[in-house]
1. I170 is checked against (1) buried (at least 22 other Cβ atoms within 10 Å of the Cβ); (2) closer than 21 Å to S293 by Cα; (3) within 10 Å of ligand 1 (Cβ to nearest atom) and fails just one. What number does that condition carry?
2. For the range 138-156, which positions are surrounded by fewer than 20 Cβ atoms within 10 Å (Cβ to Cβ) and either assigned to a strand (DSSP E or B) or within 16 Å of ligand 2 (Cβ to nearest atom) (or both)?
3. Anything in the range 34-83 that is over 21 Å from the mean Cα position of the chain (by Cα) and among the hydroxyl-bearing types (S, T, Y)? List them, or say none.
4. Just to be sure, is S227 hydroxyl-bearing (S, T, Y) and more than 16 Å from ligand 1 (Cβ to nearest atom)?
5. Given the criterion at pLDDT 95 or above and of a type outside the set (D, E), identify the matching residue among L184, L174.
6. Any idea which of (1) more than 16 Å from ligand 1 (Cβ to nearest atom); (2) closer than 28 Å to R319 by Cα; (3) surrounded by 15 or more Cβ atoms within 10 Å (Cβ to Cβ) is the one D21 doesn't satisfy?
7. When the residues of the range 286-302 are filtered to those that are more than 9 Å from ligand 1 (Cβ to nearest atom) and at pLDDT 95 or above, which remaining residue is nearest to L257 (Cα to Cα)?
8. Looking at V337, V291 in this structure, which one is crowded, with 23+ Cβ neighbours inside 10 Å and touching an Asp or Glu at 6+ places or on another chain (Cβ under 9 Å)?
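The values are calculated or read from the model by the stated rules, or taken from the named source; none is laboratory data. Here the structure is a predicted model, which means the values were calculated and not measured. With ideal geometry, Cβ positions are generated from the backbone for all residues, glycine too; neighbour counts draw on all protein chains shown.
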Amino acid sequence: SYVLGIETSCDDTGLAIVDTDGRVHANVLESQQEFHTRYGGIIPPRAQDLHRARIESAYDRCLAEAQLQPDQLTAIAVTTRPGLPLSLLVGLRFARHLARRLKKPLLPVHHMEAHALQARMEQPATISFPFLCLLVSGGHCQLVMVRGPGRLSLLGQTLDDAPGEAFDKIARRLRLHVLPQYRLWNGGRAIEHAARLASQPLAYEFPLPLAQQRNCHFSFAGIKNNSFRAIRARERMEETPPDGVISNYGDFCAGLLRACSRHLMHRTQRALEYCLQPNVQLFGDAPPTLVVSGGVANNDAIYANMEHLAKQYNCRSFRPAKRYCSDNGVMIAWHGVEQLLQAGESCLRFDYDSIDVQGSAGFANSLEAD
Ligand code: ATP
Ligand code: FE
């Protein structure tokens, strides 16, 4: 059977069709990056207008790509939380309208859960439940134990910024978007690329956040503020023009990525140690497994560090295929499939009007972190 997934939680309109074997039959993704780059960030009503203008044709293209008739869809999965309420509403209203017209069931999807489960689409047998997941994205930084769809418990999360958000703001402050090669890239991707150009990758050092704390929380505000300060100092020294970029931006990006990697490793190490304690054993009989997901999981340097860390604990590590790390409709459709596999028909909902969007929050804390 086929599940249509609809994602409009932020600034990407993503629609996709996935079957119960995890085969992707269509994947349509419309980015709004070009519009938001001009204003230096997302303006929610503008994002809503763009979703509205594009969702209908994205749906048509999705069916055409899959060579399916609407009747052949089994269910419609749609992101209902967390995210920008105005954006979420466009997806939900469209999904409701389709469901009513086609008399198909709706499956509400938690966006962060979809990020967490995506790696299973390619290898559901290998990545069995439970597993530890590091969710690193534009709006979140969380360590969660994943037992199944709707069964996630939070071990730790960021106390302030998310890493993707920090990358986007720092890249903007660095003015990387004025360099033609980075004009349409998100901040994290530009920083990753720039870091590879470093000639003195050790030139910048940042203090390790929360170094003394024995928990699994994160903090990126310190790294962000130190970054702003370092950029300002360099601009003064070089007398960089107001629309210019400091000459050693590659060195700076390398230092920034190293600092973020170290912090992510430090906290994930805590989580692994906790999960593996003999009197805790959160993995039970399953092989210890770490999954890294969310847009920042695209980053090869960060992922390589996490892989290295996992190995030290005899823990396997995975991430979704890169094209599915950032927001897309496939992960929403796959979450719908996971719900179907787990709960069967009982998760299918026809009470369209009682399904609503929920503003911006991550998971409730249902597990104490030591
Ligand atoms: P959330 O999932 O928390 O609601 P979001 O959906 O906006 O937020 P994602 O689409 O999962 O976030 O990820 C986007 C973020 O990923 C951006 O902040 C971007 O900077 C970051 N990102 C994308 N590619 C890379 C990369 N190669 N290295 C580092 N960060 C990256
Ligand atoms: Fe996301």
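1. Just one mismatch for I170, condition (2).
2. Initial filter on the range 138-156 (surrounded by fewer than 20 Cβ atoms within 10 Å (Cβ to Cβ)): 147-148, 150-151, 153-154.
Once the filter is applied, which keeps residues that are surrounded by fewer than 20 Cβ atoms within 10 Å (Cβ to Cβ) and either assigned to a strand (DSSP E or B) or within 16 Å of ligand 2 (Cβ to nearest atom) (or both), the range 138-156 yields R147, G148, R151, S153, L154.
3. Y39, S57, Y59, T74
4. Numbers: hydroxyl-bearing (S, T, Y): yes; more than 16 Å from ligand 1 (Cβ to nearest atom): no.
No; evaluated as a whole, the condition is false for this residue.
5. Values: L184 fails: at pLDDT 95 or above.
None of the others qualify; the one that does is L174.
6. The failed condition is (3).
7. Narrowing the range 286-302 to residues more than 9 Å from ligand 1 (Cβ to nearest atom): 286-292.
Then drop every residue that is not at pLDDT 95 or above, which leaves 287-292.
Numbers: P287: 30, P288: 26, T289: 24, L290: 20, V291: 20, V292: 16 Å.
Going through the qualifying residues, I end up with V292.
8. On the way: V291 fails: touching an Asp or Glu at 6+ places or on another chain (Cβ under 9 Å).
After applying the criteria, what remains is V337.
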